[in-house]
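**Q** Supplied in structure tokens, the structure appears directly below.
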Amino acid sequence: MSDKKQEPIVNQSEDSQEAKHGSQVLLQVSLPPALSVKQLADILRVDAVKIIKQLMRDGIMANINQVIDFDIAAVVAADFGYEVKRQPAPPQAHPSLVTKGGKLSPRPPVITIMGHVDHGKTSLLDAIRQSNIIASEAGAITQHIGAYQVEMDERKITFLDTPGHEAFTAMRARGARATDIAVLVVAADDGVMPQTVEAMNHARAAEVPIVVAINKLDKPNTNPDRVKQQLADLGLIVEEWGGDTVCVSISAKKRQGIDELLENLLLVADILELKTELDCPAEGVVIESKLDKTKGPLATLLVQKGTLKPGDNLIIGNTWGKVKAMFNELAEQIKKAEPATPVEVLGINSVPQAGDSFMVVGDEHAARTLLEKHKGMQQEFATSTKTLSLSNLSTQISAGQVKELNIVLKTDVQGSIEPIKDSLEQLGNEKIKVRVIHLGSGSITESDVLLALASKGIIIGFNTRPEPGAHRLAEVEGISIRYYDVIYELVNDVDKALKGMLEPTYTEVIEGQAELRATFDTGKKGKIAGVYVKEGKVSRDALARILRQGEVIYESRVSSLRRFKEDVKEVSTGLECGVKIENFVDFQVGDVIQFYRQERVT
Ligand code: GDP
């Protein structure tokens, strides 16, 4: 405790802010759910040795790389005169380690290849791999895992080998950001096609820079300028036309232009100034995983920070493990994996999911403890944050949780797109911007749902419906899809939602049906209907509708529900019970009572 008052707090970092606390000025600091001693020292701007000493005074023995959890870190920070707040956890990510102040080193860029089907994504990945892979032996180029590194001008570039924007957005929807640059492949003979636009919008929604590769230039009568014009029409203007999009002409088949593409990717990477820490416990993301019959659970990890080594304990998604062995894309065992290195890891307890994050922790005990905490946090997060819908929009705007309404717009015909888009984008105000992140004609696809999920957006269908898979995915993920067939209503609803005036809509869910078999007088207290539940169930808080010879004669709610004189919450099919209906006594044997509830439609 003696360090407390001696520690001069000179500067405010981004992590800390001054706060008046009585007459004393305290510094506020927000800490993640877990962090290493070194990271805590960096945030508090205190020598790590002092932190270690303070931890010892508090009865905790820890070394500089040991990961401690929020509660312990908060006590130490308070000892140094800080007022501590808890940083909210991201949805799928593990507690992100705050590493400001650590030494940053450049790291290779990570690339995803996207584009329309058959435009040559796979061929390009093959061409790059064949010509530039860092093979230890000539010919050893059998790809082993779903990512690889190549070398160009003695610099490395990492390619994720799951081409296509669906995989990219699925990862992003799980909270992972693995890609630095997207290569948009457009076949010169085919030009811009629907999935080209989709891929471009997915990359833009993720704010990932795009490099265009115009492919198949070995084919006769191809015209790259036509492709450039089509891209310009979509707002993607290539450098030679005065824009800022790098564009390279290639032939994946003849392996032409590959080096030029790689050189350009490095140039874009330079602009991005990709840097990270090397000397810290590793963190990153799962790019693929499987259960191997003999080796057990296997995961391909992309290290994003720090250096991963055999023997490291890690938490990974909802599981944990100890790295027994690591392999590169050529199935060679390796002893360390630095940032942007894809590596297959053996020694995990169960199979994680692609897009899960991982982080190295001090020991097995820390792994288990943090995992439990993390699971708790995920649940907390799931209940505290909902996906966006028009009905909860104004609440989220007022709470400052949304600044942009991201819309995926699908229409029946191309012609309706532009007018709807323009009307929607004009609706924004100073508090919230309306952004149509993707538009297209045709039915609503799974890829649309993933994009809405990853961008915390909603989907609007104009005269179109979702594909069955998309409908299921939207239900599971809680993505709001709204359907319209009148432009005015569509625009009006979004406008009202922005202003918080949208009336919630309800749908009726029938829960059960019962037949009235007898009535019982309870004096002043009214009449009880003795019923037999024929279908579904009756619940104490249900709404009720009385039908006589098929006609609705009264609608109200259940005011009492009893079985054998006991108040009950629910009575199911095949049982008898006594029901009172609010403000209704005129029962007749043979009446049918329908029980239902109103559910809010989002
Ligand atoms: P993907 O669906 O985007 O992965 O496309 P593929 O890489 O599978 O390629 C689709 C087809 O286009 C295949 O028949 C390839 O051989 C062909 N293809 C790919 N790149 C080129 C190219 O540069 N020139 C020519 N002529 N054909 C190509």
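**Q** Quick check on my filter: what residues within segment 509-526 are of a type in the set (Val, Ile, Thr) and under 52 Å from the mean Cα position of the chain (by Cα)?
**A** Of everything in segment 509-526, those that are of a type in the set (Val, Ile, Thr) and under 52 Å from the mean Cα position of the chain (by Cα) turn out to be Val509, Ile510.
**Q** If we keep just the residues of segment 203-237 that are assigned to a loop (DSSP other than H, G, I, E, B) and aliphatic (A, V, I, L, M), which is surrounded by the fewest Cβ atoms within 10 Å (Cβ to Cβ)?
**A** Across segment 203-237, the extreme among qualifying residues is Leu234.
Residues checked against (1) over 26 Å from Asp495 (Cβ atoms); (2) out of contact with any Ser or Thr (no Cβ under 8 Å at 6 or more places or on another chain):
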site	(1), (2)
Lys433	no, yes
Ile437	no, no
Leu450	yes, no
Leu453	no, no
Lys456	no, no
Ile459	no, no
Phe462	no, no
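**Q** Consider Ile510 carefully, then state whether it is among the β-branched types (Val, Ile, Thr), outside any loop (DSSP other than H, G, I, E, B), modelled with pLDDT of 85 or more and surrounded by fewer than 17 Cβ atoms within 10 Å (Cβ to Cβ).
**A** yes
**Q** Output the number of residues of segment 437-487 satisfying the condition of being among the acidic types (Asp, Glu) and either within 18 Å of Asn406 (Cα to Cα) or in contact (Cβ under 8 Å) with a residue 24 or more places away in the chain (or both).
**A** So the answer is 4.
**Q** Here's another thing I want to ask about it. Among Ala269, Ala299, which is out of contact with any His (no Cβ under 6 Å at 6 or more places or on another chain), at pLDDT 90 or above and more than 19 Å from Ser357 (Cα to Cα)?
**A** On inspection, the qualifying residue turns out to be Ala269.
**Q** Sticking with this structure for a sec: Within segment 144-156, identify whether any single residue is in a loop (DSSP other than H, G, I, E, B), away from the ligand (no atom under 16 Å from the Cβ) and at negative phi, and answer yes or no.
**A** Yes, some residue in segment 144-156 is in a loop (DSSP other than H, G, I, E, B), away from the ligand (no atom under 16 Å from the Cβ) and at negative phi.
**Q** Can you confirm whether segment 211-221 contains a residue that is out of contact with any Leu (no Cβ under 8 Å at 6 or more places or on another chain), under 30 Å from Ser357 (Cα atoms) and either among the polar types (S, T, N, Q) or more than 13 Å from the ligand (Cβ to nearest atom) (or both)?
**A** no
**Q** With over 44 Å from the mean Cα position of the chain (by Cα) and buried (at least 18 other Cβ atoms within 10 Å of the Cβ) as the only criterion, which of Ala529, Ala544 stands out?
**A** Exactly one residue qualifies, and that residue is Ala529.
**Q** Which of the strands (runs of 3 or more DSSP E) contained wholly in segment 524-564 include at least 3 residues that are modelled with pLDDT under 90? Write out each step before concluding.
**A** Details: elements: 527-539, 543-548, 551-563.
Passing ranges, in order: 551-563.
**Q** When only residues in segment 189-210 that are within 11 Å of the ligand (Cβ to nearest atom) and touching a residue at least 40 places away in the same chain (Cβ under 8 Å) count, which is nearest to the chain's Cα centre (by Cα)?
**A** Ala199
**Q** Can you pull out every residue in segment 101-116 that is touching a helix residue (DSSP H, G or I) at 6+ places or on another chain (Cβ under 6 Å) and more than 19 Å from Pro342 (Cβ to Cβ)?
**A** Gly101, Gly115, His116
**Q** To continue, here is another question. Looking only at segment 35-60, how many residues end up being within 19 Å of Val360 (Cβ to Cβ) and outside any helix (DSSP H, G or I)?
**A** Total meeting the criteria: 2.
**Q** I'm trying to understand the selection: among the residues of segment 345-360, which are surrounded by 24 or more Cβ atoms within 10 Å (Cβ to Cβ) and in contact with a Leu (Cβ under 6 Å, 6 or more places away or on another chain)?
**A** Result: Val345, Phe358, Val360.
**Q** While we're looking at this one, here's another question. Would you say Ala232 is of a type in the set (Gly, Ala, Ser), closer than 30 Å to Lys216 by Cα and more than 28 Å from the chain's Cα centre (by Cα)?
**A** yes
Yes/no matrix, rows are residues, columns are (1) under 28 Å from Ala470 (Cα atoms); (2) in a helix (DSSP H, G or I):
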{"residue": "Phe159", "(1), (2)": "no, no"}
{"residue": "Glu166", "(1), (2)": "yes, yes"}
{"residue": "Arg172", "(1), (2)": "yes, yes"}
{"residue": "Val185", "(1), (2)": "yes, no"}
{"residue": "Asp190", "(1), (2)": "yes, no"}
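**Q** Taking segment 240-254, which residues are assigned to a strand (DSSP E or B), within 16 Å of the ligand (Cβ to nearest atom) and in contact with a Leu (Cβ under 7 Å, 6 or more places away or on another chain)?
**A** The answer is Val248, Ser249, Ser251.
**Q** Look at Ala74 and say whether it is within 20 Å of Leu370 (Cβ to Cβ), at pLDDT 80 or above and surrounded by fewer than 20 Cβ atoms within 10 Å (Cβ to Cβ).
**A** The answer is yes for Ala74.
**Q** Which ranges mark the helices (runs of 4 or more DSSP H) fully within segment 357-441 that have 1 or more residues being modelled with pLDDT of 75 or more?
**A** So the answer is 364-384, 414-425.
**Q** Can you pull out the residues in segment 472-507 that are modelled with pLDDT of 85 or more, surrounded by fewer than 17 Cβ atoms within 10 Å (Cβ to Cβ) and not charged (D, E, K, R)?
**A** Tyr483, Val486, Ile487, Tyr488, Asn492
**Q** Can you name the condition, by its number, that Val585 falls short on among (1) over 49 Å from the mean Cα position of the chain (by Cα); (2) crowded, with 17+ Cβ neighbours inside 10 Å; (3) among the β-branched types (Val, Ile, Thr)?
**A** With respect to (1) over 49 Å from the mean Cα position of the chain (by Cα); (2) crowded, with 17+ Cβ neighbours inside 10 Å; (3) among the β-branched types (Val, Ile, Thr), Val585 is out only on (2).
**Q** How many residues are within 9 Å of the ligand (Cβ to nearest atom) and surrounded by fewer than 24 Cβ atoms within 10 Å (Cβ to Cβ) when one looks only at segment 104-119?
**A** Selection size over segment 104-119: 3.
**Q** If you go through segment 227-249 one residue at a time, do you hit one that is at pLDDT below 95 and of a type in the set (Lys, Arg)?
**A** Checked segment 227-249: no residue is at pLDDT below 95 and of a type in the set (Lys, Arg).
**Q** Please specify each residue of segment 255-266 satisfying the condition of being away from the ligand (no atom under 16 Å from the Cβ) and among the charged types (D, E, K, R).
**A** Across segment 255-266, the qualifying residue is only Glu263.
**Q** Criterion first (within 29 Å of Glu372 (Cβ to Cβ), modelled with pLDDT under 80 and not in a loop (DSSP other than H, G, I, E, B)) does Gln28 satisfy it?
**A** Judged against the criteria, Gln28 is a match.
**Q** Related question: Please determine whether any residue of segment 270-280 is surrounded by fewer than 13 Cβ atoms within 10 Å (Cβ to Cβ) and in contact with a Leu (Cβ under 9 Å, 6 or more places away or on another chain).
**A** yes
The values are calculated or read from the model by the stated rules, or taken from the named source; none is laboratory data. Given the structure is predicted, the values throughout are model-derived calculations rather than measurements. Every residue, glycine as well, gets a Cβ built from its backbone with ideal geometry; the counts of neighbours run over all protein chains shown.
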